[in-house]
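Trainee: To start, I am sharing the structure in question, which I have written as structure tokens.
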Amino acid sequence: MNNQIYKTYLKEAELNHILLFNGKQSTLLKVLESDIEYFSKKPFSLLGINSSNKIEKGKKINVNTGILYLAPDTMVTSKTICPNAKRNGCSNDCLFSSGRLGMITAQKAMIRRTLYYLYHNEAFMDQLQEEITKGYKKYGESFAVRLNGTSDLNWSKLVSDNPSIQFYDYTKLRNLALKNKNKNHHYTFSGSLYSDYSKSELKKAVNDDLNIALAFNTKGTKKDTLEIPKELYGKKLVNFDATDVRFKDKKGSIGYLKRKGSKASDRIEENKINNHFFVTESNIKELINL
């Protein structure tokens, strides 16, 4: 146990910050106190390699991805680690999924990593670099890194320090993708129809010929009535669920993602909503005519 790590959190973290933890509303202090020994230690690992079903799909095309999952948006801090989450309408879904649908062990791990990132940043970055180096030594050129698994941070310095390694991310920050100067960092813009701002940014992303991901409010079951178009803006839509390996996509690709972790009844009801992160039956015409 490293009491200094825990003492730093007690001194510097937002202890009264309210968050959803294990399906219940709590405060950061209560979460810390629920397992003092756990939160007194540095994270065992920061990167999970091939750690989810979708990430693991990359292995079939010889890509082994190390992904970093932090506590999303404002889960542990009032200063978001995912700018534009609220303007894109995905903040609540992301927090809800992480808090209620995720296993408590995964939630604790995300919280610990994020606290370590925020309040022991130098040690965090050293450990992250060590893990990236270790992953590259093990997998060689088949190794890729996705740092924004549940965040939207600017990692340009770290990426530029590792020019031999392929990095890729989804982002809601159009300018982050546009101004990216690292040839080894591939960005896919995450589109949304939630607000006037997000719709404007999506339209600009199309005009900028950025690679774009769109999430559709369907799982493709018999109960789902929303149909994903085969083409959009003169381009054939790519199945982004096939793998997570976005840097293999052609420049300007537009792809679809089906909704995960939802009930058919919820999807049917939400298809009536126009301002939504997901493409719904209510806003799909607006998307097509963007």
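The values are calculated or read from the model by the stated rules, or taken from the named source; none is laboratory data. Here the structure is a predicted model, which means the values were calculated and not measured. Note that we place each Cβ from the backbone using ideal geometry, even for glycine, and neighbour counts take in every protein chain shown.
Trainee: Could you please let me know if Glu201 is in contact with a helix residue (DSSP H, G or I) (Cβ under 8 Å, 6 or more places away or on another chain), farther than 21 Å from Ile67 by Cβ, modelled with pLDDT of 95 or more and outside any loop (DSSP other than H, G, I, E, B)?
Mentor: yes
Trainee: Among the listed residues Lys236, Lys248, Lys230, identify the single one that is over 25 Å from Arg87 (Cα atoms), in the same structural domain as Asn207 (by TED's automatic domain parsing), modelled with pLDDT of 95 or more and within 22 Å of the chain's Cα centre (by Cα).
Mentor: Lys248
Trainee: Further, regarding this structure: Looking at region 242-261, is at least one residue surrounded by fewer than 14 Cβ atoms within 10 Å (Cβ to Cβ), in contact with a Leu (Cβ under 8 Å, 6 or more places away or on another chain) and closer than 30 Å to Ser142 by Cα?
Mentor: yes
Trainee: To continue, here is another question. Starting from region 4-32, keep only residues that are of a type in the set (Asp, Glu), then list their pairs with residues that are surrounded by 15 or more Cβ atoms within 10 Å (Cβ to Cβ) whose Cβ atoms are within a distance under 7 Å, requiring at least 6 positions of separation or different chains.
Mentor: Correct list of pairs: Glu12/Tyr119; Glu14/Leu28; Glu14/Thr77.
Trainee: Filtering region 14-43 down to residues that are among the small types (Gly, Ala, Ser) and assigned to a loop (DSSP other than H, G, I, E, B), which residue is nearest to Met103 (Cα to Cα)?
Mentor: Result: Gly23.
Trainee: Sticking with this structure for a sec: Please state which one of Gly191, Gly149 is closer than 17 Å to Leu70 by Cβ and within 14 Å of the chain's Cα centre (by Cα).
Mentor: Result: Gly149 is the single residue among Gly191, Gly149 that is closer than 17 Å to Leu70 by Cβ and within 14 Å of the chain's Cα centre (by Cα).
Trainee: For region 228-255, which residues satisfy the criterion of being under 23 Å from Ser282 (Cβ atoms), touching a residue at least 12 places away in the same chain (Cβ under 8 Å) and part of a loop (DSSP other than H, G, I, E, B)?
Mentor: Listed by number, the residues that qualify are Ile228, Pro229, Tyr233, Leu237, Phe240, Asp241.
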